[in-house]
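Visitor: Shown below is the structure under consideration.
The values are calculated or read from the model by the stated rules, or taken from the named source; none is laboratory data. Owing to the predicted nature of the structure, the values given are computational and were not obtained by experimental measurement. Glycine gets a Cβ as well: all are built from the backbone with ideal geometry, and neighbour counts include every protein chain shown.
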Amino acid sequence: MNVRMCPICVIVAGTWATLLVARSLGATVDLALISMLMGGSVVGISYTLSKKLPETSWTIWKLTSIPIGFVAVYTALTGAWWVFVGMIVAAIILGLFFFRKKHRAPASAEARKLEEKMKQCC
């Protein structure tokens, strides 16, 4: 796997995942702590994905993806599974909207000729 990950993000995600496991095993863990850490992960994921978008889309992406992520985290922790599933579906639709492949317009005959010349040049 050739993915670079922020060490702080890995530690935060590992911490909240460990706390969730401990809680499911019967340990007393404050949900506020888990929710803060998970919220940080939501913001980190949104920020990281925004780097793959043009600058003009960053603000709109963050203003929509972060609240959806916060609601998803909250509902997952409180057990409102139908809302959680709805937020995940909303996140997928949002991601498809922002990260869809843009189709290029067909190139003109002149542009195709120039492209062929450049391919033969080098």
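Visitor: Considering the stretch 46-89 alone, what residues qualify as being aliphatic (A, V, I, L, M) and under 12 Å from the mean Cα position of the chain (by Cα)?
Guide: Matches in the stretch 46-89: LEU49, LEU53, ILE66, ILE68, ILE88.
Visitor: Taking GLU116 and the conditions (1) at pLDDT below 90; (2) surrounded by 12 or more Cβ atoms within 10 Å (Cβ to Cβ); (3) part of a helix (DSSP H, G or I), which numbered condition does it fall short on, given that it satisfies the others?
Guide: (2)
Visitor: Also: Can you confirm whether the stretch 48-61 contains a residue that is among the basic types (Lys, Arg) and modelled with pLDDT of 90 or more?
Guide: no
Visitor: Does THR48 satisfy the criteria of being exposed (fewer than 14 other Cβ atoms within 10 Å of the Cβ), touching a helix residue (DSSP H, G or I) at 6+ places or on another chain (Cβ under 9 Å) and under 21 Å from ARG100 (Cα atoms)?
Guide: yes
Visitor: Could you please give the count of residues in the stretch 30-45 that are crowded, with 16+ Cβ neighbours inside 10 Å and either more than 17 Å from the chain's Cα centre (by Cα) or in contact (Cβ under 8 Å) with a residue 40 or more places away in the chain (or both)?
Guide: Result for the stretch 30-45: 2.
Visitor: Is it the case that THR56 is assigned to a loop (DSSP other than H, G, I, E, B) and free of Cβ contacts under 8 Å to residues at least 12 places away in the same chain?
Guide: When the stated conditions are applied, THR56 does not pass them.
Visitor: Just checking, does the stretch 73-87 include any residue being modelled with pLDDT of 85 or more, outside any helix (DSSP H, G or I) and surrounded by 11 or more Cβ atoms within 10 Å (Cβ to Cβ)?
Guide: Step one: filter the stretch 73-87 for residues modelled with pLDDT of 85 or more, giving 73-87.
Keeping just the survivors that are outside any helix (DSSP H, G or I) gives 79-80.
From what is left, the residues that are surrounded by 11 or more Cβ atoms within 10 Å (Cβ to Cβ) are 80.
So far as the stretch 73-87 goes, yes, one or more of its residues are modelled with pLDDT of 85 or more, outside any helix (DSSP H, G or I) and surrounded by 11 or more Cβ atoms within 10 Å (Cβ to Cβ).
Visitor: Within the stretch 11-26, track down each residue that is closer than 20 Å to ALA76 by Cα and surrounded by 10 or more Cβ atoms within 10 Å (Cβ to Cβ). Steps first, please.
Guide: Taking the stretch 11-26 and keeping what is closer than 20 Å to ALA76 by Cα, we get 12-26.
Correct list: VAL12, ALA13, GLY14, THR15, TRP16, ALA17, THR18, LEU19, LEU20, VAL21, ALA22, ARG23.
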